[in-house]
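The values are calculated or read from the model by the stated rules, or taken from the named source; none is laboratory data. This one's a predicted model, so the numbers in the text were calculated from it and none came from an experiment. A quick note on method: Cβ atoms are made from the backbone with ideal geometry, for glycine too, and the neighbour counts reach across all protein chains shown.
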Amino acid sequence: MDRVLLIDKPPGKTSHDIVAEIRRSVGGPRKGPGTVRVGHAGTLDPFATGLLVVLTGRATRAQSLFMGLPKTYVTKARFGAVSSTGDPEGEITETGVLPARPLTLPTGPVLQRPPAYSAVKIDGERAYARARRGEEVVMPEREVTVSRFDELPGDEFLIECSSGTYVRSLIAGLGDAYCTALRRTAIGPFRIEDALRHGTLDTGIPLGEALARFLEVIDLAPEEAVRASHGVAIADPDPGARATDPEAWVLLRDAAGVIALAHQIDGGRLKPVVGFRG
């Protein structure tokens, strides 16, 4: 049950809907003894489609790592109009104002203000809940990274960006525009083309294999494996490799499978932080 499922989310469903369907398929309630935990690694809006990474069992312990992976989207924009939500589900206002061409497509570090209709929490409550009640929602700016922003034919755009980037805000920043369609095509090394092969519990990617796609793997001898499985720091076989980024995660495993996620601590040792045994 410790698997990573690649789901091609259809329009009209929330990410929570997909998680609930998978939770029902594994049987059991949301919580309680014997329950298989299910979570996802990055929300998609109901109107959006594409790749949703769903985690089951002990894979949910690595949720933050999967959520932190960069994302790739293809979106279609409509110019000359604005939407209160930045997408087709909002109140649309026709302006007729078209941006000058060629468009200026920002890349690199970008200061971005998430839409009021977003899942960001403000004082413990989702922003969209406040916005739907008619409350004024002031969203704080934050820095994201856009590594690629290419214009495609037909007012479509290919965007590669860091986790937490709002594509709706990027499109709105081009002028009087909003997203009419949004499709996520990749999350880190996981591609939408693989969703058909890895979209069920039977065909999902085993946790160790999924983590090895984007993390360095260190295979441990039996004695070290026992220590690591109990959360004891072990010697880093190559401490210099992590000297510039001691917080970089590595995957510890042995012949029996994954043991833990670890990072370097002082003294050139690897400290298991997220365990997968027991």
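For this structure, a couple of remarks:
- Filtered residue count, segment 58-88, keeping only those that are in contact with an Asp or Glu (Cβ under 7 Å, 6 or more places away or on another chain), touching a residue at least 40 places away in the same chain (Cβ under 8 Å), small (Gly, Ala, Ser) and surrounded by fewer than 18 Cβ atoms within 10 Å (Cβ to Cβ): 2
- Segment 85-110, residues that are in contact with a Lys or Arg (Cβ under 8 Å, 6 or more places away or on another chain) and farther than 12 Å from Phe149 by Cβ: Thr85, Gly86, Asp87
- If only residues of segment 193-248 that are touching a Lys or Arg at 6+ places or on another chain (Cβ under 7 Å) and assigned to a helix (DSSP H, G or I) are counted, the one that is farthest from Ala62 (Cα to Cα) is Ser229.
- Matching residues, segment 237-278, being touching a Pro at 6+ places or on another chain (Cβ under 6 Å) and closer than 19 Å to Val226 by Cβ: Ala260, Ala262
- Residue within segment 184-201 that is free of Cβ contacts under 8 Å to residues at least 40 places away in the same chain and buried (at least 20 other Cβ atoms within 10 Å of the Cβ) present: no
- Selection from segment 73-111 of residues that are β-branched (Val, Ile, Thr) and out of contact with any helix residue (DSSP H, G or I) (no Cβ under 9 Å at 6 or more places or on another chain): Val74, Ile92, Thr93, Thr95, Val97, Thr104, Thr107
- Search result, residues across segment 205-242 that are of a type in the set (Gly, Ala, Ser) and either surrounded by 13 or more Cβ atoms within 10 Å (Cβ to Cβ) or in the same structural domain as Leu52 (by TED's automatic domain parsing) (or both): Gly208, Ala210, Ala212, Ala225, Ala228, Ser229, Gly231, Ala233, Ala241
- Here Cys161, Cys179 are screened, and the one residue that is in contact with a Ser or Thr (Cβ under 6 Å, 6 or more places away or on another chain), under 30 Å from Pro106 (Cβ atoms) and touching a residue at least 40 places away in the same chain (Cβ under 8 Å) is Cys179.
- Odd one out for Leu158 among (1) assigned to a strand (DSSP E or B); (2) within 30 Å of Arg277 (Cβ to Cβ): (2)
- Only listed residue being over 30 Å from Ile259 (Cβ atoms), at pLDDT 95 or above and over 15 Å from the mean Cα position of the chain (by Cα), chosen from Thr185, Thr180: Thr180
- Of the criteria (1) surrounded by fewer than 21 Cβ atoms within 10 Å (Cβ to Cβ); (2) in contact with a Lys or Arg (Cβ under 6 Å, 6 or more places away or on another chain); (3) over 29 Å from Ser147 (Cβ atoms), which one Gly275 fails: (2)
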